[in-house]
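The values are calculated or read from the model by the stated rules, or taken from the named source; none is laboratory data. It should be emphasised that the depicted structure is a prediction, and the values quoted were computed from it without experimental measurement. Because the Cβ atoms are built from the backbone with ideal geometry, glycine has one as well, and the counts that use them run over all protein chains shown.
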Amino acid sequence: MSNSKLSNDSLTATRERVTNILDNAPQVYDGVSPNIDPAIHGNEKALQKLCNWDVNGFPTIANFLTFQVYISQYQRDAEVRWIMEMCDKFRCDSLVFPLAAAYFDRYLCTKTAEFHEVRFISSACLFLAAKMKMAKPPKYDAIQADFPHLTTKKLFDYELEVSQAIKWNFALATPYEFYDHFLAFSPYFMMLREGFDRSIRTIYCDFDLACYDPQSQALGALYYSITNDTDFTNCLPQWFSYFQRFRYPFHSLKHIYDQLYLKKGLYPVNVLEYNTSHTYFSNYLNVEYNPNVSEIWSGSVWDNAARVPHVLF
């Protein structure tokens, strides 16, 4: 018997042994332990690298309209909501949904999908994301019980097709990578986890918001959660100093923040009200507002705004 056959048999036996251990384990491993890695979360270079990660690869509405002639943006949103429902049904880790939605959007912005293929593509994205983020991802049988036409062979084929569409770049950045950095700054940010999860779900179910980069999505979701949690600002009054490590155009974050409020049936302050009114900022923040300044996390404006977060937006 050749050495290659022995190695293949050994690999197969090892894989089966590990599968049996996980299947029979009394504990369900939902995800990786959230331990802080000093080499990543304590390194400013790692944070800057994350901010600049794959800047030119984000999905855009223009690319979506270029490639998609059989499905609309509303059908995309409906399919992402289905992915979210399946993640809840399979009790996936919260990190799985945004990554699966990111795979799905990358595919739709690079390849044309026919209407009958959408469910296969979204299912493949879900299983790929679960394999990346979970120690024990759901099996194909879990989804085949409700959708028998999603055969194992077709799911394998579409997983390969999705992998080629995203150029085998499975480690896409999501807002949770930025949230981990905030947790490294201060454990008090764990108070916002539930609100942050809800905001991220809302963002990815809207293609317009899903096209923003993960940094602005994370900052918008965090700021929205902070303005709805007065206990957090009391526990960590210096929270805004952590936001100043990031730099991003004001209007992008403002748009995400406003949309999160509008989807809850609330009405935030219109950006035009203080685009044209210098008195709004001078009265509350004691500074002169310059609408031509594109970077938001700098200057005394934000030091004063941190004391009254409901005033800024």
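Restricting to the range 104-120, name every residue that is assigned to a helix (DSSP H, G or I) and within 21 Å of MET132 (Cβ to Cβ).
Applying the first criterion (assigned to a helix (DSSP H, G or I)) to the range 104-120 yields 104-108, 115-120.
Selection gives PHE104, ASP105, ARG106, TYR107, LEU108, ARG119, PHE120.
Failed condition for ILE256, given (1) under 22 Å from TYR103 (Cβ atoms); (2) not in a helix (DSSP H, G or I), with all others met?
(2)
So which of LEU222, LEU236 is outside the structural domain of CYS87 (by TED's automatic domain parsing) and closer than 28 Å to LYS131 by Cα?
The match here is LEU222.
Which number in (1) part of a helix (DSSP H, G or I); (2) at pLDDT below 90; (3) assigned by TED's automatic domain parsing to the domain that holds PHE104 marks the one condition that LEU150 misses?
If we test LEU150 against (1) part of a helix (DSSP H, G or I); (2) at pLDDT below 90; (3) assigned by TED's automatic domain parsing to the domain that holds PHE104, just (1) comes out false.
Which number in (1) surrounded by fewer than 21 Cβ atoms within 10 Å (Cβ to Cβ); (2) among the hydroxyl-bearing types (Ser, Thr, Tyr); (3) under 19 Å from LEU126 (Cβ atoms) marks the one condition that TYR204 misses?
Here TYR204 clears every test but (1).
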